[in-house]
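The values are calculated or read from the model by the stated rules, or taken from the named source; none is laboratory data. Worth saying up front: this structure is predicted, and the values here are computed from it rather than measured. All Cβ positions, even for glycine, are placed from backbone atoms using ideal geometry, and neighbour counts span all protein chains on display.
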Amino acid sequence: MTNPKVKVIFALAMVLAGCSPASRPETNLIGRWQSESTPKKTGFQPTNYQYQFFSDGSITYSEQTSGKWHQEAAGTFKFVDKNHVKIALAPAWYFGTKIHDLSWQDLDHITFRAGDTTMHLARQK
């Protein structure tokens, strides 16, 4: 017969494993991410840019011009699944809502793809 304490410890371990950062990609995404290279999109020549993801599901988008950062948009983000993030930025007439493919190179480097745009981002510490 199996010891009840062993069953409780095993059940607790399974619950904790389900709460690990690896199982919750939104936890890993929280923070500030900055462009590593220019997005590949025809006719699109941005300056450096940053996305900041907050634990409440909000997001800000900023661009760097003349050495200074300026917030250009704010909105929300939500994981559709572990590899897709829905980002809605305002003003909607300019930024709109897009679902991005998300690829993790490691915990500090990600790639977002939406349509014909690919963005390589590095975590800012």
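Got at least one residue in segment 7-24 being modelled with pLDDT of 85 or more and surrounded by 12 or more Cβ atoms within 10 Å (Cβ to Cβ)?
Among the residues of segment 7-24, not one is modelled with pLDDT of 85 or more and surrounded by 12 or more Cβ atoms within 10 Å (Cβ to Cβ), which makes the answer no.
Based on what the data block shows, is THR60 surrounded by fewer than 16 Cβ atoms within 10 Å (Cβ to Cβ) and either in a strand (DSSP E or B) or of a type in the set (A, V, I, L, M, F, W, C) (or both)?
No, not satisfied.
Here is a list: THR27, THR42. Which entry is at pLDDT below 95 and over 16 Å from the mean Cα position of the chain (by Cα)?
So the residue among THR27, THR42 that is at pLDDT below 95 and over 16 Å from the mean Cα position of the chain (by Cα) is THR42.
Could you list, in sequence order, the residues of segment 100-109 that are among the aliphatic types (A, V, I, L, M) and at pLDDT 95 or above?
Once the filter is applied, which keeps residues that are among the aliphatic types (A, V, I, L, M) and at pLDDT 95 or above, segment 100-109 yields only LEU102.
Which of the residues that make up segment 75-103 are of a type in the set (Gly, Ala, Ser) and surrounded by 15 or more Cβ atoms within 10 Å (Cβ to Cβ)?
If the condition is that a residue be of a type in the set (Gly, Ala, Ser) and surrounded by 15 or more Cβ atoms within 10 Å (Cβ to Cβ), then GLY75, ALA88 are the ones that fit.
Within segment 104-125, track down each residue that is surrounded by fewer than 13 Cβ atoms within 10 Å (Cβ to Cβ) and farther than 15 Å from GLN50 by Cα.
Listed by number, the residues that qualify are GLN105, ASP106, LEU107, GLY115, ASP116.
State all residues of segment 102-125 that are assigned to a strand (DSSP E or B), in contact (Cβ under 8 Å) with a residue 12 or more places away in the chain, among the charged types (D, E, K, R) and over 21 Å from ASP56 (Cα atoms); if no residue qualifies, say none.
ARG113
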